[in-house]
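Trainee: Structure provided below as structure tokens; questions to follow.
The values are calculated or read from the model by the stated rules, or taken from the named source; none is laboratory data. The structure displayed is predicted, hence computed values, not measured ones. We place every Cβ from the backbone using ideal geometry, glycine too, and count neighbours over all the protein chains shown. Protein only, heavy atoms only, side chains kept; ligands, DNA and RNA dropped before computing areas. Shrake-Rupley method; radii C 1.70, N 1.55, O 1.52, S 1.80 Å.
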Amino acid sequence: MASVGDFVLNNHLSLKVATYNIHKGLSLFNQRLVVHDVREALQALSPDLIFLQEVQGAHSQRIQRFSNWPVAPQHEYLAGDLHVAYGLNARYKLGHHGNALLSRFPILRWHNQDLTLHRFEQRGVLHCELDVPGWHQPLHALCVHLNLRAMDRRKQVRMLIERVISDVPEDAPLVLAGDFNDWRGEATLQFARELGLIEAFNALHGTSAKSFPASLPILSLDRVYLRGFTVQVANVLGGVPWSNLSDHAPLYTVLHRNEGGPGAAAIEL
């Protein structure tokens with residue numbers, strides 16, 4: 001992987017960002033442990049930021065079932081030499097899971113906000129502030145997983161908007177990504193209207209990314225929203241190995257930081 005120094009010298013205005021619901025590191029019907037393949041595939045992308053959902057922090061039964069279950073929690077195992085924060089959302093008798101952010105840059109502070117509305121879906125948003133070399137403001141990165149029911153999602157979107165308004169300066173660079181379960185695209189219009197966010201795939205391709213199911217994506221569930229950037233690349237990663245891993249396909253984007261706009265800072269090389 002490239003170092004932070006390489007980022008500053010060669011690519012100081014761009015971020016490589018991926019978001020991926022990893023299905024707790026298991027194959028579609030929970031038959032195979034694929035977290036090792038997920039780790040290898042993500043490392044091959046060499047992203048600067050990885051937004052992960054359904055990360056298995058612990059599971060006492062699965063560690064017995066699979067002889068090659070990682071010793072470390074999945075978020076630590078997947079991070080490797082990257083910085084990592086984990087937001088525990090769902091706790092149960094056998095373990096827990098949640099969202100995680102893997103970052104090439106130091107995480108200055110983080111907070112996990114509970115978005116749970118009922119016991120059947122325990123959700124949250126992991127909000128991290130990142131120290132990107134040469135930037136005069138922290139990068140705000142929010143990793144989220146929302147409910148399946150539209151009525152629930154509308155309430156959770158309102159909670160997200162209120163968090164951004166209260167905790168993110170208007171001129172700070174911001175990336176909000178994850179599994180929104182929002183196949184209707186309702187959140188995109190609301191985020192644009194109230195927060196000035198654009199959605200990466202809509203901005204570049206004029207339509208949302210289809211990411212579910214991974215073998216033949218037909219639903220647009222995953223998103224990358226941003227403020228203070230323009231979009232250079234926005235791809236759904238399909239085919240091998242991704243179609244054999246999670247039930248979701250990952251999204252991969254390259255974002256260019258707007259000079260003179262939110263979060264921009266002059267850098268002399």
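Trainee: Anything in region 77-115 that is part of a loop (DSSP other than H, G, I, E, B) and either open to solvent by 30 Å² or more (accessible area, probe 1.4 Å) or not aliphatic (A, V, I, L, M) (or both)? List them, or say none.
Mentor: First, pick out the residues of region 77-115 that are part of a loop (DSSP other than H, G, I, E, B): 80-82, 93-94, 104-106, 115.
Within region 77-115, 80, 81, 93, 94, 104, 105, 106 meet the criteria.
Trainee: Give the residue, chosen from 240, 236, that is buried (at least 16 other Cβ atoms within 10 Å of the Cβ) and not aromatic (Phe, Trp, Tyr). It would help to see each step written out before you state the result.
Mentor: Working: 240 fails: buried (at least 16 other Cβ atoms within 10 Å of the Cβ).
One residue alone meets the criteria, 236.
Yes/no per residue for (1) open to solvent by less than 50 Å² (accessible area, probe 1.4 Å); (2) part of a strand (DSSP E or B); (3) free of Cβ contacts under 8 Å to residues at least 40 places away in the same chain; (4) among the polar types (S, T, N, Q):
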site: 216; (1), (2), (3), (4): no, no, yes, no
site: 224; (1), (2), (3), (4): yes, yes, no, no
site: 232; (1), (2), (3), (4): no, yes, no, yes
site: 253; (1), (2), (3), (4): yes, yes, no, yes
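Trainee: When you go through 27, 60 one by one, which is the residue that is modelled with pLDDT under 95, over 24 Å from residue 180 (Cα atoms) and either open to solvent by 20 Å² or more (accessible area, probe 1.4 Å) or not β-branched (Val, Ile, Thr) (or both)?
Mentor: Answer to the check: 60.
Trainee: Residue 246 fails exactly one of the following numbered conditions: (1) open to solvent by 10 Å² or more (accessible area, probe 1.4 Å); (2) part of a loop (DSSP other than H, G, I, E, B). What is the number of that condition?
Mentor: The failed condition is (1).
Trainee: Now for a different question. Exactly one condition in (1) closer than 19 Å to residue 246 by Cβ; (2) in contact (Cβ under 8 Å) with a residue 60 or more places away in the chain; (3) out of contact with any Ser or Thr (no Cβ under 7 Å at 6 or more places or on another chain) is not met by residue 51; state its number.
Mentor: All conditions are met except number (3).
Trainee: Note down all Cβ pairs under 7 Å where the first residue falls in region 72-97 and is under 24 Å from residue 116 (Cα atoms) and touching a residue at least 60 places away in the same chain (Cβ under 8 Å), the second is hydrophobic (A, V, I, L, M, F, W, C) and surrounded by fewer than 21 Cβ atoms within 10 Å (Cβ to Cβ), and they're at least six residues apart or on different chains.
Mentor: Once the first residue is under 24 Å from residue 116 (Cα atoms) and touching a residue at least 60 places away in the same chain (Cβ under 8 Å) and sits in region 72-97, its partners that are hydrophobic (A, V, I, L, M, F, W, C) and surrounded by fewer than 21 Cβ atoms within 10 Å (Cβ to Cβ) give 97/90.
Trainee: Which members of region 158-184 meet the condition of being assigned to a helix (DSSP H, G or I), open to solvent by 10 Å² or more (accessible area, probe 1.4 Å) and within 23 Å of residue 18 (Cβ to Cβ)?
Mentor: Just the residues of region 158-184 that are assigned to a helix (DSSP H, G or I), to begin with: 158-167.
After this cut, where a residue has to be open to solvent by 10 Å² or more (accessible area, probe 1.4 Å) as well, the list is 158-159, 162-163, 165-167.
Scanning region 158-184 gives a single hit, 163.
Trainee: How many of the residues in region 30-40 are open to solvent by less than 10 Å² (accessible area, probe 1.4 Å) and either part of a loop (DSSP other than H, G, I, E, B) or in contact (Cβ under 8 Å) with a residue 60 or more places away in the chain (or both)?
Mentor: Here is the first cut: in region 30-40, the ones open to solvent by less than 10 Å² (accessible area, probe 1.4 Å) are 34-35, 38.
From what is left, the residues that are either part of a loop (DSSP other than H, G, I, E, B) or in contact (Cβ under 8 Å) with a residue 60 or more places away in the chain (or both) are 34, 38.
Here the count works out to 2.
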